[in-house]
Amino acid sequence: MAFFQRIFFLSTLLFHLFTISSSIGINYGTNGNNLPPPAQVANFIKTRTIFDSVKIFDTNPDVLRAFANTGIFVTVTVGNGDIPALADLNNARQWVANHIVPFYPQTRFLYIAVGNEIFNTGDNNLIFKLVPAMRSIHQALLLARIYNIKVTSPHSVAILGKSEPPSQGRFRPGYDRIVFGPMLKFLRQTKSPFMVNPYPYFNYAPNIASYALFKRNAGILDRYTGLRYTNMFDAMMDAMHSAMKASGYGDVNMVVGETGWPTSCDGYVACSAKHASLFNGHLVRHVNSRRGTPLMPKRRFETYLFAMFNENLKPGPNAERNWGIFQPDFTPIYDAGLLRRQV
């Protein structure tokens with residue numbers, strides 16, 4: 001056991017050394033009937049974009065094979081409906097054997113995201129089985145002698161019962177102790193990040209457009225700290241950090257699992273290619289500047305933009321099908337500084 005503990009420690013150290021430069025990734029959804037083959041997508045991401053990582057919403061074997069030997073980090077997602085069964089270690093071991101082992105290490109897995117914003121489902125069976133499933137998958141990885149894949153779970157800002165001002169951010173009452181305390185303890189123990197999905201778009205209003213889009217504005221003062229916020233993204237991140245700190249886990253790292261801006265919707269003034277370009281372009285520069293946030297200065301958050309393509313088969317309002325940054329032929333829908341300079 002001591003031998004495996006030493007190996008786990010060493011692999012964790014190497015993991016952080018080799019991934020510390022990771023900054024901007026992309027969410028790659030495939031819910032469309034006009035999208036290019038995964039191999040073409042992987043080659044485009046590797047050769048033409050600044051993305052060093054990709055996050056997918058399943059464990060599609062064609063996608064996993066496409067990213068093999070590319071050097072691109074890959075995050076896979078456990079479906080929400082699979083969570084209860086995976087709380088059992090035997091099921092978790094079978095899941096790892098089926099979905100990770102056949103592609104490892106040629107495919108460079110970074111995270112396993114367990115579920116996706118499951119608190120938004122309101123399903124307590126999923127919610128209360130989430131942390132046990134995360135623990136089981138982590139243990140299953142160790143039993144498979146895989147020590148450098150981290151287990152996490154992405155959450156929207158709706159997990160906060162209070163988010164304004166940012167310094168007073170708190171988790172929903174009850175869930176803070178029953179779910180997020182144990183989850184954050186697990187993440188601290190395994191040196192894994194807390195994955196959050198801050199979307200200023202969903203809080204957009206014309207009178208705070210500049211604040212939402214990183215444009216010049218007077219800012220909003222947090223009267224408890226005296227800190228001034230000039231963009232909504234920082235405020236959302238600091239509200240989440242404050243909730244984590246209030247629960248005793250302010251030291252756990254954070255990763256932005258999703259954020260972005262749609263280019264079209266059902267007549268809503270917020271949606272446009274201009275706004276998407278402003279938000280994503282400013283966000284990338286902001287993240288790469290290492291300025292961090294008022295409560296977390298000098299931090300560069302690993303950030304996954306949403307999304308690679310428009311997905312024309314997604315259900316729901318029109319905006320759900322129009323978050324893409326690139327056309328199916330890989331031409332940009334708008335410029336956000338995401339393409340490599342061609343020599």
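Can you compute the label reach from residue 172? Point 7 Å from Cα along the Cβ direction, backbone N cut-off under 17 Å, restricted to segment 231-250.
240, 243-244
With viscosity set to 1.567 mPa s and temperature to 4 °C, compute the Stokes-Einstein D of segment 211-261, Rh being the Kirkwood radius across alpha carbon pairs; µm²/s, no decimals.
In µm²/s, the coefficient rounds to 105.
Could you please put 95, 261 in sequence from largest to smallest accessible area, using a 1.4 Å probe?
95, 261
Taking only protein heavy atoms and a 1.4 Å probe, what accessible area per residue, in Å², does segment 225-343 have with all protein chains in place?
I get 42 Å² per residue for this part.
Can you sort 191, 314, 298 by 1.4 Å-probe accessible area, starting with the largest?
298, 191, 314
Considering all projection directions equally, how large on average is the shadow of the alpha-carbon convex hull of segment 138-263, in square nanometres? Before the final figure, lay out the partial values.
Working: hull surface 37.1 nm².
Hull-based average projected area comes out at 9.3 nm².
Return the distance in nm (one decimal) between the two label points of a simple spin-label model at residue 268 and residue 48, each offset 7 Å from Cα along Cα→Cβ.
For residue 268 paired with residue 48, the spin-label model returns 2.9 nm.
State log₁₀ I(q)/I(0) for segment 27-77 at q = 0.24, 0.28 Å⁻¹ as given by the Debye formula over alpha-carbon point scatterers of equal weight, solvent excluded.
Scattering profile of segment 27-77, log10 relative to I(0): -0.92, -1.26.
Rank by packing, highest mean first: peptides 161-172, 133-144, with packing defined as the count of other Cβ atoms within 10 Å averaged across residues.
Listed from highest to lowest mean packing, they are 133-144, 161-172.
Accessible surface of residue 117 in the full protein assembly, 1.4 angstrom probe, to the nearest 10 Å²?
Result for residue 117: roughly 40 Å² accessible.
Relative to 2.2 N^0.38 Å, what does the C-alpha radius of gyration of the chain come to as a ratio? Two decimals please.
Numbers: Rg = 19.5 Å, N = 343, 2.2 N^0.38 = 20.2 Å.
Cα-based Rg divided by the globular estimate yields 0.97.
If R0 is 30 Å, what FRET efficiency do you get for residue 69 and residue 285 from their C-beta distance, rounded to 0.05?
It comes to 0.45.
Please build a GNM for the chain, connecting alpha carbons under 10 Å apart, and tell me which residue among 154, 193, 61 fluctuates the most.
61
On alpha-carbon atoms, Rg over Rh for segment 100-203 using Kirkwood Rh?
With Rg and the Kirkwood Rh in hand, the quotient comes to 1.01.
Straight-line reach only, C-alpha to C-alpha below 27 angstrom: list the lysines that residue 150 could link to, leaving out same-chain residues fewer than 8 apart.
46, 55, 129, 185, 191, 245, 298
At 0.692 mPa s and 37 °C, plugging the Kirkwood radius over alpha-carbon pairs of segment 85-161 into Stokes-Einstein gives what diffusion coefficient in µm²/s?
251 µm²/s
Segment 16-103: D in µm²/s via Stokes-Einstein (Kirkwood Rh, Cα pairs, 20 °C, 1.002 mPa s)?
149 µm²/s
Let me check something: with ligands and nucleic acids excluded, how do 223, 321, 48, 216 order by accessible area (1.4 Å probe), largest to smallest? Each step should come with its number before you reach the end.
Details: 223 175, 321 65, 48 85, 216 230 Å².
Solvent-accessible surface, decreasing: 216, 223, 48, 321.
With the crude spin-label approximation of a point 7 Å out along Cα→Cβ, what separation in nm comes out for residue 123 versus residue 299?
3.1 nm
Starting at 0 and stepping by 10 Å, how many percent of the alpha carbon pairs of segment 275-343 end up in each bin?
18, 41, 29, 12, 0
Which of the helices in the chain, when you take each full DSSP H run, stretch at least 20 Å along the axis at their Cα atoms and have an average Kyte-Doolittle score of 0.5 or higher?
Flagged H segments are 2-19, 124-143.
Going by average Cβ density within 10 Å per residue, which order do the peptides 267-278, 236-247 take, highest to lowest?
236-247, 267-278
Regarding segment 38-180, what is the average projected area of its C-alpha convex hull, in nm²? Can you show the working numbers first?
Values: hull surface 38.8 nm².
Mean projected area of the Cα convex hull: 9.7 nm².
Can you compute the helix-only [θ] at 222 nm over the chain? Use -39500 (n - 2.57) per DSSP H run of at least 4 residues, normalise by all residues, nearest 500 deg cm²/dmol.
Calculated from helices alone, the mean residue ellipticity at 222 nm is -10500 deg cm²/dmol.
Write down, largest first, the equivalent ellipsoid semi-axes of segment 197-304 in whole Å, where each equals the square root of 5 times an eigenvalue of the alpha-carbon gyration tensor.
Over the Cα atoms of segment 197-304, the semi-axes work out to 24, 16, 13 Å.
The values are calculated or read from the model by the stated rules, or taken from the named source; none is laboratory data. Treat the numbers as computed from the prediction; the structure is a model and nothing was measured. So basically every Cβ, Gly included, is an ideal-geometry build from the backbone, and we count neighbours across all protein chains shown. Ligands, DNA and RNA are stripped out before the accessible areas are found, and what is left, the full protein with its side chains, is counted by its heavy atoms. Shrake-Rupley method; radii C 1.70, N 1.55, O 1.52, S 1.80 Å.
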